[in-house]
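Report on the structure given below.
The values are calculated or read from the model by the stated rules, or taken from the named source; none is laboratory data. Predicted model, so just to flag it, every value in this text is computed and none were measured. A quick note on method: Cβ atoms are made from the backbone with ideal geometry, for glycine too, and the neighbour counts reach across all protein chains shown.
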Amino acid sequence: MILMALYESEAMLWIVSYILMGLIYPIWYISLIVFAEKDKQVDPIEVAKQESPYS
């Protein structure tokens, strides 16, 4: 009984962390791109070309 409770609580911690990564990380990443486009010192297209392994 105790082992199952520990397993469920650990699973909840993993679920919460994955949900946070799935929701907050993309929003943060997109907001960084949007604000970088407003900053004239940073050209996001040029940065993407430099960072891309396909260019």
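Just for the stretch 22-55: of the residues that are among the polar types (S, T, N, Q) and more than 17 Å from the chain's Cα centre (by Cα), which one is surrounded by the fewest Cβ atoms within 10 Å (Cβ to Cβ)?
The residue in question is Gln41.
Residue by residue through the stretch 11-44, note down the ones that are modelled with pLDDT under 80 and either assigned to a helix (DSSP H, G or I) or aromatic (Phe, Trp, Tyr) (or both).
If the condition is that a residue be modelled with pLDDT under 80 and either assigned to a helix (DSSP H, G or I) or aromatic (Phe, Trp, Tyr) (or both), then Ala36, Glu37, Lys38, Pro44 are the ones that fit.
Could you list, in sequence order, the residues of the stretch 45-55 that are charged (D, E, K, R) and either in a loop (DSSP other than H, G, I, E, B) or modelled with pLDDT of 85 or more (or both)?
Passing the criteria: Lys49, Glu51.
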